[in-house]
1. Report, in listed order, any pair from 48/184; 524/577; 29/196; 495/563; 142/325 with a Cα-Cα distance greater than 23 Å.
2. Using the charge dipole of the chain (Lys, Arg: +1 at Cβ; Asp, Glu: -1 at Cβ; taken about the Cα centre), state which of 589, 115, 452 has its Cα farthest towards the positive end.
3. Accessible area per residue of region 314-463 at 1.4 Å probe, in Å²?
4. Report the full-extension gain for the segment residue 308 to residue 504: residue separation times 0.36 nm, less the Cα-Cα distance, to one decimal in nm.
5. Just to confirm the number: angle between the C-alpha axis of helix 509-539 and the first principal axis of the chain, 0 to 90 degrees, nearest 10?
6. If you put +1 on each Lys and Arg Cβ and -1 on each Asp and Glu Cβ, how big is the dipole of the chain around its Cα centre, in Debye rounded to 20?
7. Can you compute 3J(HN,Hα) from phi for each residue in region 29-40, using the Karplus curve 6.51 cos²θ - 1.76 cosθ + 1.60 with θ = phi - 60°, rounded to whole Hz and x for Gly and Pro?
8. Cα to Cα, under 18 Å, and not fewer than 8 places away if on the same chain: which lysines meet these conditions relative to residue 309?
Amino acid sequence: MTIRLYLLFSFFVLLAQWSPALSDLVISKLDRKIDLTSQVVRVTANLKIENTGNDPISEVLLPFGDHQARDLAFLVATTSEGKGKTKTSSSSLPIKVVNPEGMPPSLTWYSVSLPKELAKGKSLNLEVRTAFTHALQPFPEKITQADIQLLVFQESAYYISPYAVNVQSLSVKLPEPKVESYTKLENTKFSGSEIKYGPYENLPPFSFSHIAVHFVSNKPFAVAQELVREIEVSHWGNVQITEHYNLVNAGARSSGEFSRLEYQARPHLRGASSFGHLVAKLPPRAHSIYYRDEIGNISTSNLWGDSSKTLLQIEPRYPMFGGWKTSFTIGYGLPLKDYLFRAEGKRFLNISFGCPIEEVVVENLVVKVILPEGSKDISVSVPFPIKESRETKFSHLDMIGRPVVVLEKTNAVHEHNQYFQVYYRFSNLSLLREPMMLISGFFFLFVACIIYMHADLTISKSSPSYLAKLQWDEVQTALQQIQSIMNRCLGIHDKLEASLRELSRTGDVQACKAARKSADNMLKELSKDLKPLLSFLQSSSLSASLYSKVEDVVAKEKELQEKLIVKHTTVTDSYEKKSGGRDIENRIAPIQQRITALRQEVDDLLEIIDEI
């Protein structure tokens with residue numbers, strides 16, 4: 001916010017300083033401390049409040065500008081008594097948002113309810129602690145790898161309040177004693193890494209004085225744009241935590257090239273604004289810890305702990321400069337007995353809410369508590385406002401699903417890492433559901449195997465389907481036998497052709513005639529074997545569509561036999577008459593042409609039968 005906007009804001013709030021309804025309270029002393037040592041701006045204000053009116057006071061109003069209300073992540077107020085080591089604080093006081101009449105619309109108002117009414121002339125010590133995110137702005141917004149990070153913080157040197165302040169002071173703590181510039185007012189002192197303003201006396205309501213501090217800070221600006229924490233409760237003795245991070249360095253954006261060599265050689269000079277590791281503070285008895293991303297397990301992590309804590313140091317795969325992003329998952333298990341308890345007939349889970357990494361700001365935190373299947377009468381107790389919803393998750397052996405309590409919180413900081421409780425009812429008999437399902441499943445599997453091994457699953461021999469199968473098997477057998485006979489006949493044909501070739505080579509006519517006589521006898525025997533097979537196919541109803549093809553191949557083969565015998569007789573007679581070779585070829589040429597065509601037709605028909 002610029003100085004011009006701050007002055008405009010001051011103009012509006014000053015219009016309300018004469019409100020008579022708020023004149024009964026006076027802040028006699030106010031000490032305010034602003035901590036800028038991390039990306040979260042933490043403000044602690046100690047107010048001594050006096051009632052100078054006649055009526056008792058039951059609430060104190062706290063105003064915040066719109067820009068502050070937008071960045072406000074945490075607000076708590078307590079009363080305190082005593083000083084130093086004897087100082088004691090009460091529990092958090094109830095706070096709610098209110099809209100008092102006659103107040104500037106540019107302010108967001110919170111009402112703190114006092115533990116008891118503040119009577120006339122009485123005083124009360126009130127401590128207000130706030131935490132703001134995104135209140136520090138990088139300036140310049142872009143830097144190179146070798147540059148340091150500079151931040152700007154803007155605030156009012158005077159505490160904005162609807163009440164008059166008698167005495168107040170402000171101290172601003174910096175991460176290191178390096179400041180580019182800061183606003184100098186009356187009673188301003190800069191010592192070490194702290195800037196002090198005041199004391200200032202007798203300030204009217206809504207006093208305002210703009211200050212700006214431009215300082216060096218290389219603290220990690222780790223922001224989780226989204227963090228999903230899954231807390232799965234198993235009554236078999238374990239609470240499984242899984243945390244999914246989408247992380248970004250929200251500091252000054254890195255510009256220019258990145259040199260890994262320079263970063264490795266001088267990380268404090270060539271990567272001062274980046275961060276290379278984060279530390280997660282896990283519960284003391286955490287076990288089965290893992291750290292991975294989409295690629296797989298990340299080995300650059302260290303783990304150590306004692307009886308009070310477990311520290312997990314994680315290193316991303318690359319140093320995180322401004323604007324760079326990464327995603328990863330952390331998982332670990334916890335013993336159930338440390339976090340699950342019983343009270344008033346219910347079970348309740350007592351576990352921390354926020355992010356275990358202290359220096360991370362979470363823009364959108366989603367906590368999912370997955371309860372065992374069968375849980376009912378569910379209620380939640382969280383010490384700060386959240387958005388609550390319900391889901392159902394199905395896992396292995398689930399029938400109706402596991403109830404999931406979904407809690408959402410925006411702008412979450414380390415102060416939100418408080419314990420919360422999830423109450424529910426659960427019957428011990430439900431624990432036996434999954435074991436009984438497994439036992440029953442294996443039991444019925446073994447029974448089914450026994451029945452299968454001892455049962456006769458064959459089809460009845462008197463059934464029509466079984467008889468039809470037998471008839472079809474007989475038809476297939478007959479077809480195979482016919483095919484075999486046809487192949488043997490074709491083999492005999494080849495032998496006749498071979499005898500003619502031998503005749504042309506040797507001229508032995510008698511040997512050729514003997515070969516024809518032997519072939520003729522074998523063909524007659526095969527013809528006898530073929531007749532009963534053809535009769536069976538003709539009488540079978542299943543082979544009606546096949547018989548025509550079988551009959552056709554038999555007829556073609558018969559004609560082929562006749563043509564071969566005519567050819568064989570013609571050649572042998574020509575050799576006996578001493579005819580010339582050309583004369584023999586001319587006489588058998590038409591016969592040979594028919595033989596070739598018939599042989600091709602027979603082969604084609606046999607291929608069709610073979611496919612059947």
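The values are calculated or read from the model by the stated rules, or taken from the named source; none is laboratory data. What you see is a predicted model; the values in this text were computed from it and never measured. Don't worry about glycine lacking a Cβ; one is built from the backbone with ideal geometry, like all the others, and counts go over all protein chains shown. The protein model used for the area step is the full one, side chains on, heavy atoms only, and it has no ligands, DNA or RNA in it. Shrake-Rupley method; radii C 1.70, N 1.55, O 1.52, S 1.80 Å.
1. 48/184; 524/577
2. The listed residue farthest towards the positive side: 115.
3. Each residue of region 314-463 exposes 54 Å² on average to a 1.4 Å probe.
4. Numbers: separation 196, 0.36 × 196 = 70.56 nm, distance 10.96 nm.
Length gained, residue 308 through residue 504: 59.6 nm.
5. Once rounded, one gets 60 degrees.
6. On the way: 69 positive and 68 negative charges, 193 e Å.
My answer is approximately 920 debye.
7. 8, 9, 10, 10, 10, 10, 9, 10, 7, 9, 6, 8
8. Within reach: 281, 337.
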